[in-house]
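> Can you read through this structure? Questions will come right after.
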Amino acid sequence: MPQPMDDLLGKLPGGADELVQRSRFGFPRLRPLRPRRRRDYAHLPGPYLELACKLASPLRGGPPLCDQLVALVQHVFTEEEAAVACHLGTFLGRTASQVARLAERRVDEIEPVLEKLALGKRAIGALGPAEKRRYHLLPVMPGMFELILVGQSPQELSPWHRRFVELFETLYDSGYIGQYQQNDRQPVPAVRVLPVGRSIEAHPLALPSDHLESVLERFDIFGLGQCQCRLATHALGRGCGRAMDNCVAMGIWAEIGIAQGWLRRVSRKDVLEIKRHAESQGLVNWVINVESARGQVSCSCCGCCCHTFRLVTQFSAPGVIAPPRFLPRVDRKRCGYCGRCAAACPVQSITVEQRQRRYEHQQARCIGCGLCAVGCPRQAITMEPVAEPRRPMRNWLSLALRIAPGALQGVWRVWNQRRAP
């Protein structure tokens with residue numbers, strides 16, 4: 001049975017000199033990648049090298065061309081699949097007939113390969129009905145990692161999936177994704193956290209968009225999948241034990257996932273119960289940073305497994321997460337300096353030194369989730385709105401247009417770093 005938040009926090013070690021601090025997650029050490037050149041892979045079959053170079057492109061937010069990326073490509077794709085996939089585009093996608101023309105092969109040879117990659121392995125994207133389906137080459141992350149794992153359960157993980165996780169983590173632990181986030185331009189975050197319901201339920205300044213119920217009301221179709229991050233850490237033997245079946249797509253994204261078999265259809269009531277249970281386990285619910293859209297996605301994340309939160313805690317690159325609408329305020333007269341707020345914080349923004357009776361809050365790291373407030377046994381913490389909060393983007397187009405300048409700046413910087421001798 002999944003454990004409630006109180007059990008997961010456990011009994012904090014006592015003692016006068018106990019310090020509850022930001023190093024508690026014990027992430028793997030940074031494992032730098034050794035960038036390579038195309039000429040270093042003269043022995044590699046052409047389709048693998050071509051596909052690895054495409055996935056390494058800064059325009060796809062990729063890691064540098066390196067041995068780890070090549071190993072991932074060789075594991076996920078057969079040589080024949082790589083020869084087909086290297087003809088795919090990322091943004092507009094291509095039909096089977098277009099890919100066949102580029103590959104100079106028959107459509108009836110190409111289409112089964114694309115279907116296996118899209119609906120079997122889920123290593124590429126596919127949109128539209130079968131007769132008009134367009135196939136997309138996905139970035140390593142976000143994209144390939146999420147799609148390959150979202151439809152799997154812990155019991156269904158094959159040796160192929162486990163090896164994929166191992167190879168992906170060697171790339172992620174290099175910190176390459178954080179390099180794209182370190183921009184001079186003010187970042188426009190792609191996701192926003194929904195505060196824990198109990199922390200703001202009676203607050204008069206809470207907006208409808210701050211509440212999970214208001215987000216769910218806009219949609220009629222919901223699809224449920226697995227948390228890819230906790231599934232990955234479970235496969236590596238260092239999972240936190242919290243629930244995994246709480247990754248939800250809504251609207252058009254749910255329709256696609258349900259039709260392709262990697263999401264299970266659930267009701268709005270089911271989603272609300274699942275998300276409230278996630279909060280009780282100390283998980284944070286977040287959504288894409290838009291108010292009105294045909295589709296929406298909501299994950300329920302922990303600080304120890306979530307790759308988005310690890311951008312903050314492991315690589316100090318918080319730009320992907322929206323600045324909080326609410327921040328914790330501590331009543332020092334009521335605070336017992338027990339450290340439970342620090343233990344509950346998923347991004348390690350709180351430090352408590354028990355002997356010195358010192359509480360430190362790093363506002364720049366805080367995501368405003370409210371877990372510290374609901375976890376405080378003395379009710380010494382309340383969530384208060386910030387003075388000038390940023391509202392979510394109106395729709396996906398607004399978000400894309402706002403993200404584009406900072407994203408391109410990151411792409412340009414990474415590209416220049418890689419071309420330097």
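> For segment 314-321, check the following and say yes or no: at least one residue is touching a residue at least 12 places away in the same chain (Cβ under 8 Å), buried (at least 23 other Cβ atoms within 10 Å of the Cβ) and out of contact with any Pro (no Cβ under 7 Å at 6 or more places or on another chain).
Among the residues of segment 314-321, at least one is touching a residue at least 12 places away in the same chain (Cβ under 8 Å), buried (at least 23 other Cβ atoms within 10 Å of the Cβ) and out of contact with any Pro (no Cβ under 7 Å at 6 or more places or on another chain), which makes the answer yes.
> What are the residues in segment 206-245 that are within 26 Å of Ser292 (Cβ to Cβ), in a helix (DSSP H, G or I), touching a residue at least 60 places away in the same chain (Cβ under 8 Å) and not hydroxyl-bearing (Ser, Thr, Tyr), if any?
Once the filter is applied, which keeps residues that are within 26 Å of Ser292 (Cβ to Cβ), in a helix (DSSP H, G or I), touching a residue at least 60 places away in the same chain (Cβ under 8 Å) and not hydroxyl-bearing (Ser, Thr, Tyr), segment 206-245 yields Asp210, Leu212, Val215.
> With respect to Gly151, is the statement that it is in contact with a strand residue (DSSP E or B) (Cβ under 7 Å, 6 or more places away or on another chain) and either among the small types (Gly, Ala, Ser) or not assigned by TED's automatic domain parsing to the domain that holds His307 (or both) true? Let's see the steps before the verdict.
Details: in contact with a strand residue (DSSP E or B) (Cβ under 7 Å, 6 or more places away or on another chain): yes; either among the small types (Gly, Ala, Ser) or not assigned by TED's automatic domain parsing to the domain that holds His307 (or both): yes.
In short, yes.
> Still on this structure, I have one more. Which members of segment 302-344 meet the condition of being in contact with a Lys or Arg (Cβ under 9 Å, 6 or more places away or on another chain) and hydrophobic (A, V, I, L, M, F, W, C)?
Cys302, Cys304, Cys305, Cys306, Val312, Ile321, Ala322, Cys335, Cys338, Ala342, Ala343
> Does segment 401-412 hold any residues that are surrounded by 14 or more Cβ atoms within 10 Å (Cβ to Cβ) and either farther than 30 Å from Pro64 by Cα or at pLDDT 80 or above (or both), and which are they?
Leu408, Gln409, Gly410, Val411
> Right, here's the next one. Here is a list: Leu92, Leu88. Which entry is in contact with a strand residue (DSSP E or B) (Cβ under 8 Å, 6 or more places away or on another chain), crowded, with 22+ Cβ neighbours inside 10 Å and part of a loop (DSSP other than H, G, I, E, B)?
Working: Leu92 fails: crowded, with 22+ Cβ neighbours inside 10 Å.
Of Leu92, Leu88, the one residue that is in contact with a strand residue (DSSP E or B) (Cβ under 8 Å, 6 or more places away or on another chain), crowded, with 22+ Cβ neighbours inside 10 Å and part of a loop (DSSP other than H, G, I, E, B) is Leu88.
> Note down all Cβ pairs under 6 Å where the first residue falls in segment 85-104 and is without any contact (Cβ under 8 Å) to a residue 24 or more places away in the chain, the second is part of a loop (DSSP other than H, G, I, E, B), and they're at least six residues apart or on different chains.
Note: pairs meeting the criteria are Leu102/His87; Ala103/His87.
> How many of the residues in segment 236-252 are within 10 Å of Phe222 (Cβ to Cβ) and hydrophobic (A, V, I, L, M, F, W, C)? Write out each step before concluding.
Of all residues in segment 236-252, those within 10 Å of Phe222 (Cβ to Cβ) come to 248-251.
Restricting the remaining residues to those that are hydrophobic (A, V, I, L, M, F, W, C) gives 248-250.
The qualifying residues number 3.
> Additional query: Where the second residue is of a type in the set (Phe, Trp, Tyr) and surrounded by 18 or more Cβ atoms within 10 Å (Cβ to Cβ) and the first is farther than 11 Å from Gln228 by Cα and lies in segment 125-151, which pairs have Cβ atoms under 8 Å and are six or more apart or on separate chains?
Listed pairs, sorted by first residue: Gly125/Tyr135; Ala126/Tyr135; Val140/Phe168; Met141/Phe168; Met141/Tyr172.
> Here is a follow-up. Kindly establish whether Thr313 is at negative phi and touching a Gly at 6+ places or on another chain (Cβ under 9 Å).
Considered against the rule, which asks whether it is at negative phi and touching a Gly at 6+ places or on another chain (Cβ under 9 Å), Thr313 comes out as yes.
> With the checklist (1) in a helix (DSSP H, G or I); (2) over 22 Å from the mean Cα position of the chain (by Cα); (3) of a type outside the set (Ser, Thr, Tyr) in hand, flag the one item Arg36 doesn't pass.
It fails just one condition, (1).
> Restricting to segment 246-276, what's the tally of residues that are in a helix (DSSP H, G or I) and without any contact (Cβ under 8 Å) to a residue 60 or more places away in the chain?
12
> Next question. For segment 382-390, does any single residue satisfy the condition of being in contact with a helix residue (DSSP H, G or I) (Cβ under 7 Å, 6 or more places away or on another chain), surrounded by fewer than 21 Cβ atoms within 10 Å (Cβ to Cβ) and in contact (Cβ under 8 Å) with a residue 24 or more places away in the chain?
Yes, there is a match, as at least one residue in segment 382-390 is in contact with a helix residue (DSSP H, G or I) (Cβ under 7 Å, 6 or more places away or on another chain), surrounded by fewer than 21 Cβ atoms within 10 Å (Cβ to Cβ) and in contact (Cβ under 8 Å) with a residue 24 or more places away in the chain.
> Follow-up question, since we're still on this one. Quick check: anything in segment 364-376 surrounded by fewer than 18 Cβ atoms within 10 Å (Cβ to Cβ) and over 29 Å from Ser214 (Cβ atoms)?
no
> Something else about it: Please tell me if Leu408 is in contact (Cβ under 8 Å) with a residue 24 or more places away in the chain and aliphatic (A, V, I, L, M).
In short, no.
> If you take the residues in segment 153-162 that are at pLDDT 90 or above and not hydrophobic (A, V, I, L, M, F, W, C), which one is surrounded by the fewest Cβ atoms within 10 Å (Cβ to Cβ)?
Here the residue is Pro159.
The rows are residues; the columns are (1) closer than 21 Å to Leu72 by Cα; (2) in contact with a Leu (Cβ under 7 Å, 6 or more places away or on another chain).
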{"site": "Leu92", "(1), (2)": "no, no"}
{"site": "Ser97", "(1), (2)": "no, no"}
{"site": "Glu104", "(1), (2)": "no, no"}
{"site": "Pro112", "(1), (2)": "no, no"}
{"site": "Lys121", "(1), (2)": "yes, no"}
{"site": "Gln152", "(1), (2)": "yes, yes"}
{"site": "Ser158", "(1), (2)": "yes, no"}
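The values are calculated or read from the model by the stated rules, or taken from the named source; none is laboratory data. Worth saying up front: this structure is predicted, and the values here are computed from it rather than measured. Glycine also receives a Cβ, built like all others from the backbone with ideal geometry; neighbour counts cover every protein chain displayed.
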